[in-house]
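S.K.: This is the structure I have questions about; it appears just below.
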Amino acid sequence: MKISAAFVTSAASAADFPSDGLSEVALVGRSNVGKSSLINALTRRRVARTSAAPGKTRLANIYSVARGSSGAFYLVDLPGYGYARGGAESAQEFADLTRAYFGREGPDGQESRVGNLAPSSVAALLLVDCRHPGLDSDRRAWAWLRKTVAGTAVVATKVDKLARGRRIRALRELESVFEDSVLPVSAVTGEGLDELWTLIDKLANSRNLNRRSNSRSRPPRVTAPWPSKKVLPPPKR
Ligand code: GDP
């Protein structure tokens, strides 16, 4: 299937976010979790810059992506969190930009895109390293996303690094921690990428998934497209 992908901009504040109404799928995760690698693997080109030195990107990198006959949408690579070198200041920057992104607020808390089209849907994929299930920062991010964003799913990166037995245990633990299906992927071997595309297509084409930061009611969740019966019960203690 033909995939087109292009870098659009690096956003430092809400004013820089897209304003043409296309759907957006944001990638959220710790620094070094493999977001850039995953964007490149999904789009089959080096559209995103990867780095062995984590914690450097504090901007949201935005890519315009289209696959097959599906309409174009934006993949939004939000700044990674949980990296110590940047200290409290970078944690705050992450929080501010991420809140601004999902809430679409300007620095003074006002809606910053008045007159612009809001995206028809905004969804978030939480990326977690399959080798580190249940980190506090990931749990906090998931709890916050579930409250804030209508379409959410968890993706476990770098599964090629785990042998079969450890992988099964890690996935079981992840699904128990996040109380949801977790899709295992590898940017290196390409495992899980077809399933991830199916999930992204579904999230990007859900018209009713508007942000809900000001809403107390919970909009319908997008269910994972991979078979949920594969989900194993949590381990007995
Ligand atoms: P980001 O900070 O989340 O954008 O992470 P990067 O994409 O820059 O990846 C961080 C490091 O993890 C790099 O050294 C990548 O080569 C490595 N990496 C990313 N994805 C994978 C994967 O699926 N498998 C393996 N083995 N390494 C990966």
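The values are calculated or read from the model by the stated rules, or taken from the named source; none is laboratory data. Bear in mind that the values here come from a model prediction, so they are computed numbers and not experimental data. For neighbour counting, all protein chains shown are included, and Cβ atoms are generated from backbone atoms with ideal geometry for every residue, glycine included. Heads up: the accessible areas ignore ligands, DNA and RNA and are worked out on the full protein's heavy atoms, side chains in. Shrake-Rupley method; radii C 1.70, N 1.55, O 1.52, S 1.80 Å.
A quick yes/no check of all residues on (1) open to solvent by less than 20 Å² (accessible area, probe 1.4 Å); (2) modelled with pLDDT of 85 or more; (3) within 12 Å of the ligand (Cβ to nearest atom); (4) not hydroxyl-bearing (Ser, Thr, Tyr):
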site	(1), (2), (3), (4)
Leu38	yes, yes, yes, yes
Ser51	no, no, yes, no
Ala84	no, no, no, yes
Ala88	no, no, no, yes
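S.K.: Separate question: Could you list, in sequence order, all residues of the stretch 165-205 that are open to solvent by less than 70 Å² (accessible area, probe 1.4 Å) and within 12 Å of the ligand (Cβ to nearest atom)?
M.R.: Pro184, Val185, Ser186, Ala187, Gly190, Glu191, Gly192, Leu193, Leu196, listed by residue number.
S.K.: Next up: Just to verify a result, which residue in the stretch 125-164, among those that are within 10 Å of the chain's Cα centre (by Cα), away from the ligand (no atom under 13 Å from the Cβ) and of a type in the set (Val, Ile, Thr), is nearest to Glu24 (Cα to Cα)?
M.R.: Thr152
S.K.: Here's something else I'd like to know. I'd like to check something: does the stretch 22-30 contain any residue that is away from the ligand (no atom under 16 Å from the Cβ) and open to solvent by 50 Å² or more (accessible area, probe 1.4 Å)? Quick ask: steps written out before the conclusion?
M.R.: Residues of the stretch 22-30 away from the ligand (no atom under 16 Å from the Cβ): 22-24.
With open to solvent by 50 Å² or more (accessible area, probe 1.4 Å) added as a condition, the list becomes 22.
Checked against the condition, which is being away from the ligand (no atom under 16 Å from the Cβ) and open to solvent by 50 Å² or more (accessible area, probe 1.4 Å), the stretch 22-30 yields at least one hit.
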